Structure formats: structure tokens, C-alpha cells
Amino acid sequence: MIRAYTSKLLDIDIATIKLNPAEFGGSFGGKTLIYLEPVAVMLSKKSGRPVKVQMTREEVFRGSGPTSGATVEVKIGAKKDGSTVAAQQVLKFQAGAFPGSPVQPGCMCGFALYDLPNVDVVGYDVVSNRPKVAAYRAPGAPIMSFAVESLLDDLAHKLHMDPLTLREKNAARNGSRTYYGPSHQNVGFETVLTTVKNHPHWESSVKAGHGRGFACGFWFNVGGESTARAHTNEDGSVTAATGSPDIGGSRASIGMMVAEVLGIPAFASALRWPTRPPSASLTSPAARV
């Protein structure tokens, strides 16, 4: 991604760009963009020297983009038994000086946990005279979850229902179709609600002046292009090598997928570094299964 964006922005042949990435922890949405790499390349070309660009913490907040401010309007209609019959939401997400707020995933995530027969969703990407926004964790989803879950609690109160029971009654199940198209597969929402209901904290007494509640959220995976190569070693173990750095546990998940395809234990022994460094053609360490 960094190579592709740098190539496009600076009109440089992507084949001439060599990238040496470092592992940087979780796969947060803010890392799907680039900020400093093209600047460093141009400064290096002009100076003829290696260039390192490093932002202060304040510059990170100013230069990499805040999350969106938003206005959300939500309506939910339900029968007296708690069965929801219709839901509507209007999202107005602040994009900053350029279009590109996470309003689309916000539209997709708001009601995704619930099996609703009638849904109407409208989202607006609002350009304003402010810094451009950037993705934070599950961009767009927390804003919508706050609105929808707050409204469900209000609905449960008006219907004199337990808020957990209301969610159980309307929970999306395997095969439930989302309002943006795909049907849920292996959805675990009912399991989550059952776990909450059976937890001692849900039934234990609450101190005077204290309250108890819960809220739920939804996010989906967004896949990109990737490749991996597997090699069987002399001792029967398998080395899986990929050209991508570990992001949010991808090394472990790739090892598990290779083990599943080959029918071998994924964690007979812990994933470990190879006995020698990976070849120069690889951009991340190999993992052994």
C-alpha cells in the first residue's frame, strides 16, 4: 500500500521503490493511509541524502487527521412485545476540507446486529472548513453504535422490558440478511448476549448511586490483496512466509490457515522464529508451524 500510494503521488515506477517495513502493532484504520513517506522521498531526492521525518505527538494529531464529528438521527418502531418492525437513521459525518468521512461504514454498521424487516438509511459526507478526518478504530461504527444502542435502551425502558431481552428478541442470526446486502454467517451476537446474561455481574446487586448497563457494536473485516508461500522442512514442520509485516496478529492467523489446509496441528509448538534470518526478498520474518 505504501509503495502503491507513493508511486502514484510522486509518479515513480513502483518497481523502483524498496520498502523495509517494521511491525507496528494493531491493525488500526489510521494505518491505511500514508502521511510522511512521499515527503521523505521528495526531500531525499532534492538533498541527495537519506531523510528521516518524525512528527511530535501534537503534529500527529494535527497532521494525521481527527475522527469525524457527527450528527445522527435514529428512529425505531416496535410492537408492545418488543418486536421491532422498522428502523430509520440519518447520518451526517464531518469530512473536513476534503470528502472522505467514514459515513459509508457508519451506514452499514448501525443496525447490522439486528434482524429488522424494514430499514431506511441515508448518509451524508459533509465537507467543512476543518482538517480532513482519518480513520480511528472501526471508523464510523462507534458513532452509530452509540446512537442505536442508546435508543434501544430508551425503547426497553418505555416497553418496561429488560434491555438484554429486547436485544435477544431482535438479534441477527445466521442467515439474517443485512440491510446493505450480505447475509450473516457465523454471527455470534446471541452467544455474546447469553454470556452477558449468565455472568454474575448481570444479576448481582448494585450499590446505591451506581448503575449497570451494556451496549453492543458491530464491525466487519475488509480484506486486501496478500500472498503467502509454504515450505515443508526436513523435520516435518512447515514455514509460511509472507511479504507483509505482522498486523494485529496476522502471523498467527496465517499459520493457522496453513495448518488447517495441510491438516497439521497449528500450535504443536509455539510459533517461533526461523533458525536463520529470512532471505532478502522477504519483507517480514517467516513463521513456522
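Below is a table of values for the structure above.
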{"read-out": "Flag if Phe93 is of a type in the set (A, V, I, L, M, F, W, C), assigned by TED's automatic domain parsing to the domain that holds Thr191 and part of a loop (DSSP other than H, G, I, E, B)", "value": "no"}
{"read-out": "Residue among Gly110, Gly26, Gly65 that alone is of a type in the set (Gly, Ala, Ser), modelled with pLDDT under 95, more than 30 Å from Ser176 (Cβ to Cβ) and within 22 Å of the chain's Cα centre (by Cα)", "value": "Gly65"}
{"read-out": "Residue match in the stretch 36-49 (condition: small (Gly, Ala, Ser), at positive phi and over 29 Å from the mean Cα position of the chain (by Cα))", "value": "yes"}
{"read-out": "Residue identified as outside any loop (DSSP other than H, G, I, E, B) and either buried (at least 19 other Cβ atoms within 10 Å of the Cβ) or in contact with a strand residue (DSSP E or B) (Cβ under 6 Å, 6 or more places away or on another chain) (or both) among Ala40, Ala87", "value": "Ala87"}
{"read-out": "Any hit, the stretch 201-209, residues being surrounded by 10 or more Cβ atoms within 10 Å (Cβ to Cβ) and either touching a strand residue (DSSP E or B) at 6+ places or on another chain (Cβ under 7 Å) or modelled with pLDDT of 95 or more (or both)", "value": "no"}
{"read-out": "Some residue of the stretch 148-160 being part of a loop (DSSP other than H, G, I, E, B) and either more than 13 Å from Ser68 (Cα to Cα) or at pLDDT 95 or above (or both)", "value": "yes"}
{"read-out": "Selected residue (criterion: surrounded by the most Cβ atoms within 10 Å (Cβ to Cβ)) from residues of the stretch 149-172 that are within 26 Å of the chain's Cα centre (by Cα) and among the small types (Gly, Ala, Ser)", "value": "Ala172"}
{"read-out": "Answer residue from the stretch 239-265, given it is buried (at least 17 other Cβ atoms within 10 Å of the Cβ) and modelled with pLDDT of 80 or more and is nearest to Glu225 (Cα to Cα) among those", "value": "Thr242"}
{"read-out": "Among residues of the stretch 107-143, those that are out of contact with any Pro (no Cβ under 8 Å at 6 or more places or on another chain) and small (Gly, Ala, Ser), counted", "value": "4"}
{"read-out": "Selection count where residues are touching a Ser or Thr at 6+ places or on another chain (Cβ under 9 Å) and either in a loop (DSSP other than H, G, I, E, B) or touching a residue at least 24 places away in the same chain (Cβ under 8 Å) (or both), scope the stretch 68-83", "value": "7"}
{"read-out": "Residues of the stretch 182-221 classified as within 20 Å of Phe111 (Cα to Cα) and in a loop (DSSP other than H, G, I, E, B), total", "value": "15"}
{"read-out": "Residue within the stretch 187-197 that is within 24 Å of Glu168 (Cα to Cα), hydrophobic (A, V, I, L, M, F, W, C) and modelled with pLDDT under 90 present", "value": "yes"}
{"read-out": "Some residue of the stretch 5-13 being over 19 Å from Pro131 (Cβ atoms), among the acidic types (Asp, Glu) and touching a Leu at 6+ places or on another chain (Cβ under 9 Å)", "value": "no"}
{"read-out": "Matching entry among Phe61, Phe93 (being aromatic (Phe, Trp, Tyr) and free of Cβ contacts under 8 Å to residues at least 24 places away in the same chain)", "value": "Phe61"}
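The values are calculated or read from the model by the stated rules, or taken from the named source; none is laboratory data. Note that the structure is predicted; figures quoted are calculated from it, not measured. Counting neighbours? That spans all protein chains shown, and the Cβs are built from the backbone with ideal geometry, glycine included.
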